[in-house]
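Any read-out appearing in this document is the output of simple, stated calculations on the displayed coordinates, not a laboratory observation. As the structure is a prediction and not an experimental result, all values here were calculated from the model. So basically every Cβ, Gly included, is an ideal-geometry build from the backbone, and we count neighbours across all protein chains shown.
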Amino acid sequence: MENILAFLGNLPWWSWIILILLAIVIKDIFFNKKHTIKHNFPLVGHFRYILERIGPELRQYIVANNREELPFNRIERTWIYTSAKNANNYKGFGTDRNIHDSQYIFVNNAMIPYKLAEDHPNFEDPYFVPCAKVMGAYNKRKKPYRPASVINVSAMSFGSLSARAITSLNIGAKLANAYHNTGEGGLSPYHQKGADIVFQIGTGYFGTRDEAGNFSMKALKELVKKNPKIRAIEIKLSQGAKPGKGGVLPANKINDEISRIRLVPKGKDVISPPYHRAFDDVSGLIDFVEDIAKETGLPVGIKAAIGKKKQWRELAKLMKKRNCGPDFITIDGGEGGTGAAPPSFADHVSLPWVFGFSEIYQVFKYEELTDRILFIGSGKLGLPASAAMAFAMGADCINVAREAMMSIGCIQAQKCHDNTCPTGIATNNKWLERGINIQDKSVRNSFYFKNFRKELLEITHACGYEHPCEIMMEDVDINLSDQDFTKNLAAAYGYHKEKVPFEGVAALRNCPYLGGHYNREDIDKEKVRY
């Protein structure tokens, strides 16, 4: 043995490399029973799998041009990154987009833009763009709520996103006076850093369930009482990534913290069914909404991705007949999002946002209900031109998820589903998560929201309007095909948006139901705790 060790110790370094490669070849030929490529092409086959693994990164940074990548191309990501850094997000030498592409958006500017007076709120604060509608005003909820920002953080649960990512988003939302939707995973301590909260209730009733896993009104009331920053409740019927599909929270992922936040037992798989157990039909959904609103005093809304319209028509008819129902409706796009899903669902189930929203808005317009509902768009709308189109179609607010993630460092690695997100955002890996600098990322998130609102407002003024709610469907054209050329949104989707009652931005500033920190505290002088 000593002679063998002495012999091996005297071998030159390159001999060790040959021995290691030889060992890999022997292993591939004689012991590999799973991979045909490695068996038939020992050693060389490994390079094939390495290239396959890093293929997305190679295409993203080397192969693909600025317009090719999906879901967000390099042009879109660059605008988000530079806006989040509060750097120069301008570009020179004209557009390099293919403006003849189908679904390309053209905003029709006015000959004479809207002119700000020196006493106008936006003259002093170019980022001030609150929602024109008040949640819960029509149904006379005890605690109506006007979102202080038309752009807000969409539903992303703690667990799907890391603690540091959620913390960064919440502090960023606070700095930007935006609200933060919790997602269906319950209200974590990381959601409680100062921003307004929209608390989401999913089919698993996480954070609001009893020991049997059923919805508990008592648990919800206690949660709302302890957390006055919860300004509205959202009942999730479905989401764009996997509408109509439930999920499983494996027992090995349920640690003490997850168990405490979601009110689930440790050591046991937890099922989130594709349906709600608290109600069985559309009438039951309205009852559920009204019960929650009565017990909490908060505005209550619903979120869904859109497929069939029959039950939506039934909902609209019952809301008109009973004179009650959801205060807001969040329409999610079938483009998917941060939620992990089978490709068959992410690629094919539910309509893209632009089609889903246009159909549902028409359902409620037919019943003359659009004035009592605050419509929220969610589904790849996190760029100013897309937001302008959404407002023209009838949206009152925009929720952003993936774009908000990019503002705190997401590189579109598309590893959200396997716990290996290299930026530490969509993972529970503590080593990867540790790379997130909360103080830096929260400020970047706030600048993304502020610069988004500023640019959206500039587009609005270019159209001759004071607030995005005034943008109408005739103000935006969309490319349909080579044959049809372009049509305005009204011609393309067959309806006209109802005008939103609007008395001016100054009136919004003085609203007693305005959320965020306006009229309550000077956030610039407050030391942010995280």
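Can you sort SER149, SER216 so the residue with the fewest Cβ neighbours within 10 Å comes first?
SER216, SER149
Show the residues, 5+ positions off or on another chain, whose built amide H is closer than 5 Å to the amide H of GLY202.
For GLY202, whose amide H was placed from the backbone, the distant partners under 5 Å are LYS236.
Once the convex hull of the alpha carbons of the stretch 359-419 is built, what does its volume come to per residue, in cubic angstrom?
Hull volume over Cα atoms, normalised by residue count, gives 112 Å³.
Counting other C-beta atoms within 10 Å, and keeping those with at most 13, which DSSP coil chymotrypsin sites (Phe, Trp or Tyr not before Pro) do you find in the stretch 78-119?
Answer in residue order: TYR90, PHE93.
Amide H to amide H under 5 Å from PHE328: which residues, 5+ apart in sequence or cross-chain, H placed 1.01 Å off N in plane?
Under 5 Å from the amide H of PHE328 lie the amide H atoms of VAL300, GLY301, ILE302, LEU374, each far enough along the sequence or on another chain.
Viscosity 1.306 mPa s, temperature 10 °C: what is the translational diffusion coefficient of the stretch 416-489 from Stokes-Einstein with a Kirkwood Rh over Cα pairs, rounded to a whole number of µm²/s?
Roughly 98 µm²/s, to the nearest whole number.
Sort MET111, MET135 so that the residue with the fewest other Cβ atoms within 10 Å of its own Cβ comes first and the one with the most comes last.
MET111, MET135
Given the stretch 285-432, what whole percent of its Cα pairs are spread farther than 20 Å?
In whole percent, the long-distance tail amounts to 56.
Say the cut-off is 32 Å between C-alpha atoms; which of LYS91/LYS174; LYS140/LYS309; LYS142/LYS487; LYS380/LYS441; LYS133/LYS441; LYS91/LYS430 go over it?
LYS142/LYS487; LYS91/LYS430
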